[in-house]
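Accompanying notes for the structure given below.
The values are calculated or read from the model by the stated rules, or taken from the named source; none is laboratory data. No experiment lies behind these values; they were computed from the predicted model shown. Counting neighbours? That spans all protein chains shown, and the Cβs are built from the backbone with ideal geometry, glycine included. All accessible areas refer to the heavy atoms of the entire protein, side chains included, with ligands and DNA or RNA removed. Shrake-Rupley method; radii C 1.70, N 1.55, O 1.52, S 1.80 Å.
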Amino acid sequence: MRRPWAGYYFRKKTVIRDAWTIEDPVTEANLDVVIIGAGAAGLYALHRVRGLGLSAKVFEKGDGVGGTWYWNRYPGARCDVESWDYCYTFSEELEQEWEWTERFPTQPELERYFNHVADRFDLRRDIEFDTRVEQTRFDEGENRWIVRTSKGATVSARFLISAAGCLSEVNTPRFKGADTFKGQQIHTARWAKGGLDVTGMRVGVIGTGSTGVQAIPQLAKQADHLFVFQRTPQFAIPARNRPLDADTLEELKHNYRERWALKRSNPVGMGRRPPEVSSALEVDETTRNRVLEESWALGGPGFARTFDDVMTNAESNQITAQFVRDRIKDKIESPDVADALLEIDHPLGARRLIVEIDYFETYNRPNVTLVDVAANPIAEITLQGLRTADGSSYDLDLIVYATGFDGMTGALLAMDIQGVGGLALRDKWADGAGAYLGLVAAGFPNLFMITGPGSPAVYSNVIFSIEQHVDWIADCLAHMLDHDLDRIDSDPQAEAEWTRQVHEIAAQSIVGKTDSWWTGSNIGGKPRGVTFYLGGTNTYAAICDEIAANGYEGFAFG
Ligand code: N01
């Protein structure tokens, strides 16, 4: 059978450390800003820095814009944040002209949206596609970043902005024998552009995180048989997706500004009001159940905030989690399958809460088999399929790796970034990643990270966090231009204190109280721990603004 992608997915990750020096001829020397990535962050960053009159170039490894929504084309891929929240807020014209069609937009719709943004703001002419940034070094004498790309160009820029994304470096476990499999193997974030027809195939899906949970119901509809290899059962909340009718759209457009104000005051950047009841423990059982039922009926990611203290109070969490277990159980016909799907070993929200459409019902189909690979781990991939530790074999035509990403730092560390004194970012972060406000890592001057470690990043409505970061960076650049400043770095002490606070807040939360990509434990050798700020996007934005108003406290200019 044809294996069009097999070679690509199992190519060994290369860490480039050749004898490249900053004396290499520079092919383009007069840029103000280089931006890495043309996803939601890179597009908006380009728009803002152009507005300051700066010249800029974006390097994008794909051949189109959209980032996550360019790469993740697997069946069922859609955003699990509502369309009216998961969109830019910087342009009222954009808000008014764009028409969302569903509560939770699909990947094709989001890809269209980002293409529309690229065209509407004339961004493409400064984007170089099919080009990866491989190495960058800070030239201390000139206060410039020298950037080398996969196409062999070496450009120099005053500022470097990473918009490489928190979930763009894929994680494909290397199972013994994977190279021998005669069928097709594909990672969900590298799905073929034209789609993949799995009709009549025996398909194995490894992984039941947000991605697997979205892909499984769609693959089951087409495949001859679907085997789901589950290692960790997880909580999932019904999406209750729906098309948006004309009245809803009109109401949305009318209220965008009001929603923006709600996002600013919400701890995860969503346009919602605070919960009606702050703790599950402060009301009687009847009220509690009514609130839970209403929240369940509404569905979506907001369920995690049914009560204010779900993420901080173990008892409130346990009550909410039991409610979810009971509702899920009702959907599954086989008691054994229900048990296997509900043997959840962590509090609700300790891993990123999943939003699902027809996921649990899919296990009632005769062509779907759940395989527990916690008890019997995958031992090897064979010529015919897959074998688990107890000797059971599964004949397959296609293996789908819904195995996630090297989150938060993976994309940054896939590049060879060297700061002051040749310090490599991967050496600086060898024991744990952090940057002052998640924006600038000490020793890496003039390098801004959008949604970097230390910022709310993935624990927020990320596109709203992106806008907040980009706006802050643009204001900071304007300040530097106004005051004729060439260089900005973080004070190492301010950075250490910020990172301490990030860890202290995480220690008080249920978030990350079990292994997952949130804690980096899905990647061998990666330091463990939550690296994103859990104090709330509203609090975070206020701190960033205050620091800027106080003359950029904790930053050092030169
Ligand atoms: O990745 P994951 P994801 N053997 O890391 C399993 C965002 N997202 O792509 O849990 C067997 O959550 C692994 O098992 P375990 C969202 O932020 C957003 O699903 O490690 N299994 C797990 O089940 C999300 O959180 C949307 O035991 C192995 C799965 O693979 C993030 O992306 C949609 C294994 C990986 O789950 C990542 O989600 C989709 C092995 N050796 C994703 N290795 C939106 O809608 C790994 N697994 C916006």
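Annotation note: of Thr409, Thr369, Thr362, the sole residue that is at pLDDT 95 or above, over 30 Å from Trp296 (Cβ atoms) and of a type in the set (Val, Ile, Thr) is Thr409.
Is it true that some residue in region 245-259 is in a loop (DSSP other than H, G, I, E, B) and over 23 Å from the mean Cα position of the chain (by Cα)? Checked region 245-259: at least one residue is in a loop (DSSP other than H, G, I, E, B) and over 23 Å from the mean Cα position of the chain (by Cα).
Annotation note: Cβ proximity below 7 Å between a residue of region 399-415 that is without any contact (Cβ under 8 Å) to a residue 24 or more places away in the chain and a residue that is within 11 Å of the ligand (Cβ to nearest atom) (sequence gap 6+ or interchain) occurs for no pair.
Each residue in region 515-529 was checked for being within 12 Å of the ligand (Cβ to nearest atom), assigned to a loop (DSSP other than H, G, I, E, B) and either farther than 22 Å from Ala402 by Cβ or open to solvent by less than 30 Å² (accessible area, probe 1.4 Å) (or both), and 2 pass. Among the residues of region 217-235, the ones that are in a helix (DSSP H, G or I) and either within 7 Å of the ligand (Cβ to nearest atom) or within 20 Å of the chain's Cα centre (by Cα) (or both) come to 0 in all.
Phe555 fulfils the conditions (1) open to solvent by less than 50 Å² (accessible area, probe 1.4 Å); (2) within 16 Å of the ligand (Cβ to nearest atom); (3) among the aromatic types (Phe, Trp, Tyr) except for a single criterion, (2).
Selection within region 295-317: residues that are free of Cβ contacts under 8 Å to residues at least 40 places away in the same chain and closer than 19 Å to Asp80 by Cα. The member of this set that is most open to solvent (accessible area, probe 1.4 Å) is Arg305.
Is it the case that Thr362 is in contact (Cβ under 8 Å) with a residue 12 or more places away in the chain and more than 12 Å from the ligand (Cβ to nearest atom)? Steps first, answer last, please.
Working: in contact (Cβ under 8 Å) with a residue 12 or more places away in the chain: yes; more than 12 Å from the ligand (Cβ to nearest atom): yes.
Yes.
Of the helices (runs of 4 or more DSSP H) lying entirely inside region 45-155, those containing at least 3 residues that are modelled with pLDDT of 95 or more and open to solvent by less than 20 Å² (accessible area, probe 1.4 Å) are 107-120.
In region 365-389, what residues are hydroxyl-bearing (Ser, Thr, Tyr) and within 15 Å of the ligand (Cβ to nearest atom)? Break it down into steps so the answer makes sense when it comes.
Residues of region 365-389 hydroxyl-bearing (Ser, Thr, Tyr): 369, 382, 388.
The answer is Thr388, and nothing else.
One line per residue, one yes/no per condition, for (1) of a type outside the set (Gly, Ala, Ser); (2) more than 15 Å from the ligand (Cβ to nearest atom); (3) in contact with an Asp or Glu (Cβ under 7 Å, 6 or more places away or on another chain); (4) free of Cβ contacts under 8 Å to residues at least 40 places away in the same chain:
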| site | (1), (2), (3), (4) |
| --- | --- |
| Val33 | yes, yes, no, no |
| Gly37 | no, yes, yes, no |
| Val58 | yes, yes, yes, no |
| Gly62 | no, yes, no, no |
| Gly66 | no, no, yes, no |
| Trp71 | yes, no, no, no |
| Pro75 | yes, no, no, no |
| Asp80 | yes, no, no, no |
| Leu94 | yes, yes, no, yes |
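Note on region 198-222: among residues that are touching a helix residue (DSSP H, G or I) at 6+ places or on another chain (Cβ under 7 Å) and not hydroxyl-bearing (Ser, Thr, Tyr), the one that is farthest from Leu341 (Cα to Cα) is Val198. Cys166 fulfils the conditions (1) open to solvent by less than 20 Å² (accessible area, probe 1.4 Å); (2) not in a loop (DSSP other than H, G, I, E, B) except for a single criterion, (2). State yes or no: is Asp486 within 25 Å of Ile36 (Cβ to Cβ) and either in a loop (DSSP other than H, G, I, E, B) or acidic (Asp, Glu) (or both)? When the stated conditions are applied, Asp486 passes them.
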